[in-house]
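Q: Sharing a structure here in structure tokens format.
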Amino acid sequence: RPSWLKCLSVCRRILKDSAMAQSTVQRLMLADDANPAGNVHGGTILKEIENAGYIAAMRHCNPAGTTEPTHLVLAQVELMDFRAPMHIGEVAKLDAHVTFTSERSIEVLVDVSSEDLLRGAWRSTNQARLWYVAVTASEASYASAKVPQLVLPEAEAAAGRQRYEAQRTRRSVEQAAALDGPVPTEGVPVSSCRGVLTQVVLPSDCVISGSVQVCRGGVVLKAIDNAAGVAAVRLCRSNVVTASIGDVHLLEPCKNGEVVEVVAVPTFSSKRSVEIRVDVTAENVITAHKRQVCSALLMFVSLDSAGRVGDVPAIFPESDEEIALYRQGQARYQARRGARAK
């Protein structure tokens, strides 16, 4: 077979895969999407990002004619900055497309933009990179499954492989290297700033994955942002907004009927931002068995009465665990500053 025909066949496969593995979601932002500052709530944006990513990933895994459906669960959300606020009355547009596949996972890139209907102007507000894993589902457990492979040009495939290995490394590192710098001896006690949310996973929160109703990743992300916002407000005693999200690791999916507890605590504060750690556990109310299902780091900034970024109070870590988390948060803060300075 002539080489040019082989090249043409590969190009057609790439174009076909690209067309199938994407989604576009648009939604008008209404008053019930607002945070106390009057902008669209960060958790709402996160939920819509995951919805768009899920659709694109499912379309890739289950093309027309599929006889054995592949199910997906959200595994990770990479570091993401909120570049600009989204306002009530604007149209959110989320463009998602699959950018890489490993044997058992899928990378989806989601671009978020906002349309001002009064001016006909668009602006970019976010970009998120999500990782999903394919699973087979039964009533009792989940097992990993293989996913259809995305055909990519050689350079794009190599870059995707590097991103895949990098996110695997981050998932395997549980704690950041801590700095040995001074720890505040006064400030707002960490124990007074905890945010705790408890809710039951309902059918409206779920997608059906095989014979099990699984809580959507976007529902968990919104709960994480809500709890973190409570902790940030208790520290700042002002309106706050989500500035960025560190890697979110979803270890296991939550199921319909389980009780989910979301606990958020400040770990480190600088003059203009605070880092909040969030841990999520799920409880089977029949057996009383609890398991950790997710951990995340979020950064918030304080807003004054005019909506300008204000100073953040210092936190006062008291226990040995709080001091250890403070030093780890300090190391992450220094690393982020160094990365942005490059």
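Q: Mind listing whichever residues of segment 322-336 are hydrophobic (A, V, I, L, M, F, W, C) and either more than 20 Å from Ser192 (Cα to Cα) or outside any helix (DSSP H, G or I) (or both)? Quick ask: steps written out before the conclusion?
A: Applying the first criterion (hydrophobic (A, V, I, L, M, F, W, C)) to segment 322-336 yields 323-325, 331, 335.
Those that are hydrophobic (A, V, I, L, M, F, W, C) and either more than 20 Å from Ser192 (Cα to Cα) or outside any helix (DSSP H, G or I) (or both): Ala331, Ala335.
Q: Please identify the pairs in which a residue from segment 273-294 that is among the hydroxyl-bearing types (Ser, Thr, Tyr) has its Cβ atom under 6 Å from the Cβ atom of a residue that is loosely packed, with under 13 Cβ neighbours inside 10 Å, counting only partners at least 6 apart or on another chain.
A: Note: pairs meeting the criteria are Thr281/Gln292.
Q: Filter segment 76-85 down to residues that are open to solvent by 10 Å² or more (accessible area, probe 1.4 Å) and not in a loop (DSSP other than H, G, I, E, B), then give me how many there are. Before the answer, list the steps.
A: To start, the set of residues in segment 76-85 that are open to solvent by 10 Å² or more (accessible area, probe 1.4 Å) comprises 78-79, 81-85.
Then drop every residue that is not not in a loop (DSSP other than H, G, I, E, B), which leaves 81.
Selection size over segment 76-85: 1.
Q: Report, by residue number, each residue of segment 30-71 that is surrounded by fewer than 22 Cβ atoms within 10 Å (Cβ to Cβ) and among the aliphatic types (A, V, I, L, M).
A: Leu30, Ala31, Ala34, Ala37, Ile55, Met58, Ala64
Q: Anything in segment 229-261 that is part of a loop (DSSP other than H, G, I, E, B), among the acidic types (Asp, Glu) and surrounded by fewer than 20 Cβ atoms within 10 Å (Cβ to Cβ)? List them, or say none.
A: Residues of segment 229-261 that are part of a loop (DSSP other than H, G, I, E, B), as a first pass: 237-238, 246-247, 251-254, 256-258.
The next check asks that each one be among the acidic types (Asp, Glu); those that pass are 247, 252, 258.
Across segment 229-261, the qualifying residues are Asp247, Glu252.
Q: Residue check, Gln213 against (1) open to solvent by 20 Å² or more (accessible area, probe 1.4 Å); (2) within 19 Å of the chain's Cα centre (by Cα); (3) within 22 Å of Gly53 (Cβ to Cβ), all met but one. Which one?
A: Going through (1) open to solvent by 20 Å² or more (accessible area, probe 1.4 Å); (2) within 19 Å of the chain's Cα centre (by Cα); (3) within 22 Å of Gly53 (Cβ to Cβ) one by one, Gln213 breaks only (2).
Q: With the requirement that a residue be among the β-branched types (Val, Ile, Thr) and in contact (Cβ under 8 Å) with a residue 60 or more places away in the chain, what does segment 300-342 give you?
A: To start, the set of residues in segment 300-342 that are among the β-branched types (Val, Ile, Thr) comprises 301, 309, 312, 315, 323.
Correct list: Val301, Val312, Ile315, Ile323.
Q: Which residues, counting only those in segment 274-313, are assigned to a loop (DSSP other than H, G, I, E, B) and touching a helix residue (DSSP H, G or I) at 6+ places or on another chain (Cβ under 7 Å)? Steps first, answer last, please.
A: Of segment 274-313, the ones assigned to a loop (DSSP other than H, G, I, E, B) are 284-289, 304-308, 311-313.
Residues satisfying the conditions are Val312, Pro313.
Q: State which residue is modelled with the lowest pLDDT when the search covers only segment 160-182 and only residues that are surrounded by 14 or more Cβ atoms within 10 Å (Cβ to Cβ) and among the hydrophobic types (A, V, I, L, M, F, W, C).
A: Per the stated criteria, the residue is Ala176.
Q: What tally of residues in segment 262-278 results from selecting those that are open to solvent by less than 20 Å² (accessible area, probe 1.4 Å), in contact with a Ser or Thr (Cβ under 9 Å, 6 or more places away or on another chain) and over 24 Å from Asp33 (Cα atoms)?
A: Adding up the residues that qualify gives 0.
Q: Check Ser302, Ser273 and return the single one that is among the polar types (S, T, N, Q) and touching a Pro at 6+ places or on another chain (Cβ under 9 Å). Let's see the steps before the verdict.
A: Numbers: Ser273 fails: touching a Pro at 6+ places or on another chain (Cβ under 9 Å).
Result of the check over Ser302, Ser273: Ser302.
Q: Hey, among Ala306, Ala331, Ala314, Ala335, which residue is of a type in the set (A, V, I, L, M), closer than 27 Å to Trp131 by Cβ, surrounded by fewer than 19 Cβ atoms within 10 Å (Cβ to Cβ) and over 21 Å from the mean Cα position of the chain (by Cα)? Let's see the steps before the verdict.
A: Values: Ala306 fails: closer than 27 Å to Trp131 by Cβ; Ala314 fails: closer than 27 Å to Trp131 by Cβ; Ala335 fails: over 21 Å from the mean Cα position of the chain (by Cα).
After ruling out the rest, the residue left standing is Ala331.
Q: Restricting to segment 121-142, name every residue that is modelled with pLDDT of 95 or more and over 17 Å from Ala56 (Cα atoms).
A: Passing the criteria: Ala121, Trp122, Arg123, Ser124, Thr125.
The values are calculated or read from the model by the stated rules, or taken from the named source; none is laboratory data. This one's a predicted model, so the numbers in the text were calculated from it and none came from an experiment. No Cβ is skipped: glycine too gets one built from the backbone with ideal geometry, and neighbour counts run over all protein chains shown. Each accessible area value is taken on the protein alone, full model and side chains, heavy atoms only, with ligands, DNA and RNA left out. Shrake-Rupley method; radii C 1.70, N 1.55, O 1.52, S 1.80 Å.
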